[in-house]
1. Just give me the residues in the range 215-240 being touching a Phe, Trp or Tyr at 6+ places or on another chain (Cβ under 6 Å) and over 12 Å from Glu177 (Cα atoms), in sequence order.
2. Anything in the range 103-130 that is touching a helix residue (DSSP H, G or I) at 6+ places or on another chain (Cβ under 6 Å) and under 30 Å from Met291 (Cα atoms)? List them, or say none.
3. Based on what the data block shows, is Ser225 closer than 24 Å to Pro145 by Cβ, of a type in the set (Gly, Ala, Ser) and buried (at least 16 other Cβ atoms within 10 Å of the Cβ)?
4. For the subset of the range 180-222 comprising residues that are of a type in the set (A, V, I, L, M, F, W, C), modelled with pLDDT of 95 or more and part of a loop (DSSP other than H, G, I, E, B), which member is surrounded by the fewest Cβ atoms within 10 Å (Cβ to Cβ)?
5. Residue by residue through the range 36-49, note down the ones that are in a loop (DSSP other than H, G, I, E, B), out of contact with any Asp or Glu (no Cβ under 7 Å at 6 or more places or on another chain) and either aromatic (Phe, Trp, Tyr) or surrounded by 14 or more Cβ atoms within 10 Å (Cβ to Cβ) (or both).
6. Out of the range 243-273, which residues are surrounded by 14 or more Cβ atoms within 10 Å (Cβ to Cβ) and of a type in the set (Gly, Ala, Ser)?
7. Tally up the residues in the range 283-293 that are out of contact with any Pro (no Cβ under 9 Å at 6 or more places or on another chain) and either exposed (fewer than 12 other Cβ atoms within 10 Å of the Cβ) or part of a strand (DSSP E or B) (or both), please.
Amino acid sequence: MSRPSSSPPPDVSYVVIAYNEAPAIVSCLSAITDQVGSSSYEIIVVDDCSVDQTAELVQDFASCRPEVVLIRHERNLGRGAARSTGVAAATADLIAMVDADIVLPTDWLERCRRVLLESAVDAVGGIAVPDGDVAYVHRIFSLTPKVTSMSTQVTGSNGLYRRKVFDLVSIDPSLIEGEDVALNFAMREAGLQCVSIADLLVEHCESKDFLGSMKWLYQSGKGASRQLATYGKVRTPDIASGGMIGVTLFSLAARRRGASWRLVWGLPIVFLLGISALHMMRKFVMRDSAMNWVLATVVNATLLGGYFAGRVAGLSSAVRDRTGPE
């Protein structure tokens with residue numbers, strides 16, 4: 001499944017990274033092939049050693065579509081390596097990065113390309129709904145998501161880039177997650193500009209189960225601590241994480257002074273539930289039943305606990321990296 005070497009390069013190269021995305025991959029690829037306009041394109045799917053039917057579904061989809069190229073990693077290398085593989089294989093002057101659990105609206109390419117042609121920006125993208133950190137809660141409890149602003153201008157979920165971006169900066173292949181954040185910082189340092197289109201919404205169809213979501217949020221927490229240590233930019237999640245760590249340390253200190261275990265456990269739990277409630281109000285429209293909302297808040301608090309655990313692990317790693325071996 002490759003484009004003949006004698007063929008002229010397409011107008012757009014779509015780089016789709018996938019790891020165990022069998023439930024969503026066909027919808028993702030179909031949305032790409034359904035884009036309006038007359039642009040020629042290629043779709044490079046990088047399967048990062050999935051253990052489900054992702055690769056087989058891509059092969060079936062590509063059987064009558066020569067534009068689709070499947071590249072398989074022999075072992076799971078992470079998002080940074082998968083994106084790097086796809087960008088290296090892309091041949092067009094415009095490179096689109098799309099996650100395999102994203103369904104683009106039919107006018108996505110048309111609108112993104114118009115922004116690139118009519119302005120000096122180097123990358124543009126839409127906003128994924130629901131946001132990735134609440135995708136599990138959204139799916140299980142059928143909540144109505146809000147469109148929330150992003151701390152990263154163009155995320156890895158969907159973005160259209162001029163090729164010159166990757167001539168000047170590169171994606172860090174060592175990053176399991178957070179490679180899109182690192183790319184945005186590298187672009188900024190190189191004098192490149194990127195913007196998101198506030199009303200260009202893409203559908204996020206994540207299918208992770210509870211444990212998968214917990215694992216992902218733990219990794220995201222580690223990555224967020226690494227980003228804070230690397231770039232020094234304080235965001236709202238950093239403040240929340242600092243509060244969670246502070247309350248926990250206070251409770252442990254109180255225990256050493258004779259406080260009851262009820263206080264030791266109670267304060268962090270109350271704080272976590274409060275953060276979860278604020279998080280839910282920011283991410284979802286409050287139009288559901290009270291019981292459904294309470295249950296969703298408790299589940300979200302549990303997932304946030306995994307995120308905060310990742311923040312602590314990431315902070316410990318950052319301290320070790322700075323101090324070096326003893």
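1. Matches in the range 215-240: Tyr231 only.
2. Of everything in the range 103-130, just one residue is touching a helix residue (DSSP H, G or I) at 6+ places or on another chain (Cβ under 6 Å) and under 30 Å from Met291 (Cα atoms), namely Pro130.
3. no
4. Filtering the range 180-222 for residues that are of a type in the set (A, V, I, L, M, F, W, C), modelled with pLDDT of 95 or more and part of a loop (DSSP other than H, G, I, E, B), the one surrounded by the fewest Cβ atoms within 10 Å (Cβ to Cβ) comes out as Ala190.
5. Hit for the range 36-49 is Asp48, nothing else.
6. Across the range 243-273, the qualifying residues are Gly243, Ser251, Ala254, Ala259.
7. Of the residues in that region, 5 qualify.
The values are calculated or read from the model by the stated rules, or taken from the named source; none is laboratory data. On a predicted model such as this, the values are computed, not experimentally measured, just so you know. For neighbour counting, all protein chains shown are included, and Cβ atoms are generated from backbone atoms with ideal geometry for every residue, glycine included.
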